[in-house]
Amino acid sequence: MDTRPSWITLIALCTTRALVVALSSAVLFTSTAVAFAAADGGTPAANRESSKAKARVFAGLVTDDRCGGRHDMDSGKSPLECTKMCVRNGSKYVLVEGDKKYELAGNESELDGLAGQRVKIVGSLDGNTIKVASINSGQ
């Protein structure tokens with residue numbers, strides 16, 4: 001009786017081993033990529049680059065969307081007081097830059113501290129909203 005393995009058995013054995021090695025390598029590389037992405041905050045490198053590229057500097061006046069750049073002078077309130085009062089009553093913070101108004105999305109207390117002042121904002125524009133990364137007095 002011939003006990004030698006046939007060529008079909010040999011091909012099947014080699015193919016099975018090659019598939020096991022390929023699958024193991026794929027699992028290893030995928031888990032490594034996931035570990036690095038989790039350590040980076042889950043943001044893929046391409047998205048980090050594009051979000052950095054979108055960041056730009058805006059300069060203007062921090063005010064509210066009700067009054068804009070023109071506060072009622074007959075109210076007896078300063079632009080700071082008027083802006084804070086309007087925001088307390090439901091208005092949103094905006095940046096007035098010339099004839100443009102941008103809604104501001106960021107740290108409310110930081111915006112509150114610079115209400116009614118000229119500022120420089122670093123952030124990204126999403127539609128008509130500036131996502132504030134940093135803000136400082138423009139003086």
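A short reminder: the numbers here are calculations on the coordinates, not readings from a lab. Fair warning: this is a prediction, and the values are worked out from it, not measured in the lab. Here the Cβ is made from the backbone with ideal geometry for all residues, glycine too, and neighbour counts use every protein chain on show.
Would you mind stating whether G127 is free of Cβ contacts under 8 Å to residues at least 12 places away in the same chain and within 19 Å of the chain's Cα centre (by Cα)? Yes; evaluated as a whole, the condition is true for this residue. Tell me, which residue of the stretch 86-100 that is out of contact with any Leu (no Cβ under 7 Å at 6 or more places or on another chain) and within 16 Å of A59 (Cβ to Cβ) is surrounded by the most Cβ atoms within 10 Å (Cβ to Cβ)? Only one residue tops the list, namely E97.
When you check V122 against the structure, is it surrounded by 15 or more Cβ atoms within 10 Å (Cβ to Cβ) and within 26 Å of K54 (Cα to Cα), yes or no?
Here the answer is no, as V122 does not meet what is asked.
Scan the stretch 101-118 and give yes if some residue there is touching a residue at least 40 places away in the same chain (Cβ under 8 Å), assigned to a strand (DSSP E or B) and in contact with a helix residue (DSSP H, G or I) (Cβ under 7 Å, 6 or more places away or on another chain), otherwise no. Yes - at least one qualifying residue is present in the stretch 101-118.
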